[in-house]
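**Student:** This structure is in structure tokens; I'll ask about it shortly.
The values are calculated or read from the model by the stated rules, or taken from the named source; none is laboratory data. Just so you know, these numbers come straight off a predicted model, no measurement behind them. No Cβ is skipped: glycine too gets one built from the backbone with ideal geometry, and neighbour counts run over all protein chains shown.
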């Protein structure tokens, strides 16, 4: 629902930190729920290609959460998403990726480009005056608008006073949050546990909101004016009438909202199904197997032999299949979890999948196709062993990353990369067109 013209302007803040592990996700989720409890309309964005934090923020805010990344998505698309949110919300909250200046382009570069004030969140639990030095460096390292600092995991009122006194040049302490280990969200190898798996998530979010309310944070209230932009998801006929079966459950849960909206704006009809629940493949022209956690649900996936037969028949009829990361692992001959448990998978692609205890691949990736360059991101602990010689490889956005293999056979495209469809609409359409 659009905002009333008479309502007050939308406000936007980026919550950033010196590094991961400072409590950004908990604070942003608590702040979103607190503002929502106050009757405010809140939209949350996550900087970078993360899937898991947005699931938490969606539950906290009650609204869809989109990613923002200048390289993967492009400046115009990011601007359109922000402008759309500004017409619907009283507050826009952005959670930065890793540290404020990490990545290229960084969260700091994004805040500068769109004029969004930065609020520094710093874990002060093991420091006193050094808190001020860290805040000073972060606020001055580049030309950004730093609106102030929130001290997290503060031990006492006296500790908070030390931290406040350490700040220089008028940089304000907007508030402090006391140590509260009960608010920590559970984690696993890819990050936080997904929202659907945290059975008491609503209670946790309400507790986070109460924690934020008690802190009485003094949030800056400058209006956010993104300006006129084109539609974030312009209507097209690229996939008009194409029926796409989309796997969606705990094993296949890494889905960008933007990708689903883009598919629908292109005219596709989406039909969701759950491999874990024993569903068969819906009648469809194309199949989309996104990433997720197939290694945590081996038995359920192995047991659904009817679906495996459906997928093989779909493939043999030369119908399009797009498999990303977990979807690729599911299509291999077998998959072995990090604890050694192993199961037979669909066997559509030669080779075995093995989940390692450490990160095996990470980085932004581009794939050159006849209709343009499709962009995306990889972040996986899985390895594809004994596979065929790849037809294509991605090009990493950064030199320290390694390319990803792209397997193409008949109408199947499979890779560890999660693609962002609006980055190259013509390319994305070709992956699904019958």
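**Student:** Mind counting the residues in the range 206-255 that are closer than 24 Å to residue 307 by Cα and surrounded by 14 or more Cβ atoms within 10 Å (Cβ to Cβ)?
**Tutor:** So the answer is 14.
**Student:** Go through the range 235-267 and count every residue that is in a strand (DSSP E or B), touching a helix residue (DSSP H, G or I) at 6+ places or on another chain (Cβ under 8 Å) and farther than 19 Å from residue 293 by Cβ.
**Tutor:** Final tally of qualifying residues: 1.
**Student:** Do we find that residue 270 is surrounded by fewer than 22 Cβ atoms within 10 Å (Cβ to Cβ), in the same structural domain as residue 417 (by TED's automatic domain parsing), assigned to a strand (DSSP E or B) and in contact with a helix residue (DSSP H, G or I) (Cβ under 9 Å, 6 or more places away or on another chain) in this structure?
**Tutor:** Spelling it out, residue 270 is indeed surrounded by fewer than 22 Cβ atoms within 10 Å (Cβ to Cβ), in the same structural domain as residue 417 (by TED's automatic domain parsing), assigned to a strand (DSSP E or B) and in contact with a helix residue (DSSP H, G or I) (Cβ under 9 Å, 6 or more places away or on another chain).
**Student:** Additional query: Within the range 220-233, identify whether any single residue is within 25 Å of residue 434 (Cα to Cα) and touching a helix residue (DSSP H, G or I) at 6+ places or on another chain (Cβ under 9 Å), and answer yes or no.
**Tutor:** yes
**Student:** Does residue 340 meet the test of being out of contact with any helix residue (DSSP H, G or I) (no Cβ under 6 Å at 6 or more places or on another chain) and surrounded by fewer than 18 Cβ atoms within 10 Å (Cβ to Cβ)?
**Tutor:** Spelling it out, residue 340 is indeed out of contact with any helix residue (DSSP H, G or I) (no Cβ under 6 Å at 6 or more places or on another chain) and surrounded by fewer than 18 Cβ atoms within 10 Å (Cβ to Cβ).
**Student:** Follow-up. Quick check on this structure: which one of 85, 151, 160, 135 is crowded, with 18+ Cβ neighbours inside 10 Å, closer than 22 Å to residue 60 by Cβ and more than 22 Å from the chain's Cα centre (by Cα)?
**Tutor:** 151
**Student:** Take the range 251-310 and flag every residue that is at positive phi and in contact with a strand residue (DSSP E or B) (Cβ under 6 Å, 6 or more places away or on another chain).
**Tutor:** Passing the criteria: only 292.
**Student:** Same structure, new question: Evaluate the range 57-69: report whether one residue or more is modelled with pLDDT under 95 and either under 17 Å from the mean Cα position of the chain (by Cα) or assigned by TED's automatic domain parsing to the domain that holds residue 248 (or both).
**Tutor:** No, the range 57-69 has no match at all.
**Student:** Right, another one. Can you name the residue in the range 194-205 that is touching a helix residue (DSSP H, G or I) at 6+ places or on another chain (Cβ under 8 Å) and surrounded by fewer than 19 Cβ atoms within 10 Å (Cβ to Cβ) and, of all such residues, is modelled with the highest pLDDT?
**Tutor:** 202
**Student:** Being more than 16 Å from residue 17 (Cβ to Cβ), touching a helix residue (DSSP H, G or I) at 6+ places or on another chain (Cβ under 7 Å) and surrounded by fewer than 16 Cβ atoms within 10 Å (Cβ to Cβ) is true for just one of 181, 105, 172. Which residue is that?
**Tutor:** On inspection, the qualifying residue turns out to be 105.
**Student:** In addition: Within the range 382-395, which residues are outside any loop (DSSP other than H, G, I, E, B) and surrounded by fewer than 18 Cβ atoms within 10 Å (Cβ to Cβ)?
**Tutor:** Within the range 382-395, 383, 385, 392, 393, 395 meet the criteria.
**Student:** Now, a different point. Kindly indicate whether any position in the range 200-209 is in contact with a strand residue (DSSP E or B) (Cβ under 9 Å, 6 or more places away or on another chain) and closer than 30 Å to residue 131 by Cα.
**Tutor:** no
**Student:** Taking interchain pairs and intrachain pairs at least six residues apart, which have beta carbon atoms under 6 angstrom, with the first residue in the range 400-427 and without any contact (Cβ under 8 Å) to a residue 60 or more places away in the chain and outside the structural domain of residue 104 (by TED's automatic domain parsing) and the second crowded, with 23+ Cβ neighbours inside 10 Å and not in a strand (DSSP E or B)?
**Tutor:** Sorted first by the residue in the range 400-427, then by its partner, the pairs are 403/394; 404/394; 404/416; 404/417.
**Student:** Anything in the range 165-193 that is more than 21 Å from residue 382 (Cβ to Cβ) and either modelled with pLDDT under 80 or part of a helix (DSSP H, G or I) (or both)? List them, or say none.
**Tutor:** If the condition is that a residue be more than 21 Å from residue 382 (Cβ to Cβ) and either modelled with pLDDT under 80 or part of a helix (DSSP H, G or I) (or both), then 165, 166, 181, 182, 183, 184, 185, 186 are the ones that fit.
**Student:** Here is a further query. Is it the case, given these coordinates, that residue 63 is closer than 19 Å to residue 261 by Cβ, surrounded by fewer than 22 Cβ atoms within 10 Å (Cβ to Cβ) and out of contact with any strand residue (DSSP E or B) (no Cβ under 6 Å at 6 or more places or on another chain)?
**Tutor:** No, not satisfied.
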